[in-house]
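Colleague: Dropping a structure here in structure tokens format, bear with me for questions.
The values are calculated or read from the model by the stated rules, or taken from the named source; none is laboratory data. Note that this is a predicted model, so its numbers are computed, not measured. Positions of Cβ are backbone-derived with ideal geometry, glycine not excepted, and every protein chain shown enters the neighbour counts. Side chains included, ligands, DNA and RNA excluded: accessible areas come from the protein's heavy atoms. Shrake-Rupley method; radii C 1.70, N 1.55, O 1.52, S 1.80 Å.
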Amino acid sequence: MALAVDEGLVVEEVRRELARRHLFYFMDYCWWMPTPLIRGIHTWAITDRITRAVNDLDRGISTFLLVQVVFRHGKSDIVSRALPAWFLGRRAAMQPNVIMTGYGADLVESFSAKTKLIIGSERYQEVFPEVTLSRRLNAVGKWAVEGSVGEVNAVGLGGSITGKGGDLIEVDDYCKNREEAESQAYRDATWFSFTNDVLTRRSNCALVIVCATPWNVDDVAGRIKKAMVNDPDFPQFEVLKFAAEGEQYKSGYLFPEMYGP
């Protein structure tokens, strides 16, 4: 006699397994906003490339990504809110260290707080039930998951980055506004912090992501591109660039699912 199969339970388990394996499906399963998650060309491209990069970490391969997307297109949802939560679950056995940074402590700590809320959610616990927030170390700027020696450090560029290094390092928006972008002194300071503080904290095998809207040809992203050409020892970043409009898009625009012309 055949046993009855609850198709709903089967579908949910398939969705949970996809969420464990791929960043986009994780976002879809654990989506934290009251409005639906809208997928654009860039949404899939970025989450898929990051997923492959995390898979490469299992094989001892580091990845450096420079993600350039126009503002208000969900890049921070992917890189600074969902990714740390998924990374801590996906690589829980490795007890990883995560560094989150950007132009200011308030910005970075807001990302950190959202990541903690995602981890504490019921949907996340259905995907990664073994990952819970530490009761010992649980500040917004410095926290951990229970039973892990790894830590999450969320600190603004130029701040003190402590800990054991970063298996995942993400820089989200190193520049706040046009005034900062036009300041030579500010560009010099952020580049100094990026090269001397951030990059030097990476583990032997790491995923490093710089995610920002381009502001100036001489900003961090512009200098990364120059350094890759001029310095053979500088990490080779893969550039994922998505213009707001172009002939490569069927509609002529990057994100017609969200915005009109």
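Colleague: Counting only protein heavy atoms and using a 1.4 Å probe, what share of the accessible area of the chain belongs to carbon plus sulfur, as a whole percent?
Modeller: Accessible surface attributable to carbon and sulfur in the chain totals 55 percent.
Colleague: At 37 °C and 0.692 mPa s, grab the translational diffusion coefficient of region 80-137 from Stokes-Einstein with a Kirkwood Rh over Cα pairs, rounded to a whole number in µm² per second.
Modeller: 276 µm²/s
Colleague: How are the C-alpha pair distances of region 107-249 spread across 5 Å bins, as whole percents from the shortest bin up?
Modeller: Values per bin, smallest distances first: 2, 8, 15, 19, 18, 14, 11, 8, 4, 1, 0.
Colleague: Any idea how many Lys pairs in the chain come in under 19 angstrom at the alpha carbon, given 8 or more places apart or on separate chains?
Modeller: Lysine pairs satisfying the spacing and distance rule in the chain number 10.
Colleague: When the helices in the chain are scored as -39500 (n - 2.57) per DSSP H run of 4 or longer and the sum is shared across all residues, what 222 nm value do you end up with, to the nearest 500 deg cm²/dmol?
Modeller: It comes out at -10500 deg cm²/dmol, rounded to the nearest 500.
Colleague: Using the per-residue mean of other Cβ atoms lying within 10 Å as a proxy for protection, in what order, highest first, do the peptides 93-105, 228-240 fall?
Modeller: Going by the mean number of other Cβ atoms within 10 Å, highest first, we get 93-105, 228-240.
Colleague: With a Cα-only, solvent-free Debye model of region 176-225, what are the log10 I(q)/I(0) values at q = 0.17, 0.28 Å⁻¹?
Modeller: The computed values of log10 I(q)/I(0) come out as -0.53, -1.15.
Colleague: Something else: I'm checking a number: the convex hull volume of the Cα atoms of the chain, normalised per residue, in Å³. What is it?
Modeller: 163 Å³
Colleague: Starting with the highest mean, order 114-120, 242-248 by the number of other Cβ atoms within 10 Å, averaged over the residues of each peptide.
Modeller: Taking the mean over residues of other Cβ atoms within 10 Å, the ranking is 114-120, 242-248.
Colleague: With a Förster radius of 22 Å, plug the Cβ-Cβ distance of residue 13 and residue 55 into 1/(1 + (r/R0)^6) and report the FRET value to the nearest 0.05.
Modeller: Here the calculated transfer efficiency is 0.55.
Colleague: Compute the Rg/Rh shape ratio of region 82-175: radius of gyration over Kirkwood radius, all on alpha-carbon atoms.
Modeller: Checking Rg against Rh, the ratio lands at 0.94.
Colleague: Which order do you get for 75, 226 if you rank them by accessible area with a 1.4 Å probe, largest at the top?
Modeller: From most accessible down to least: 226, 75.
Colleague: Then there is this: May I ask for the distance between the Cα centers of region 163-185 and region 40-75, given as a whole number of Å?
Modeller: Cα centroid of region 163-185 versus Cα centroid of region 40-75: 18 Å apart.
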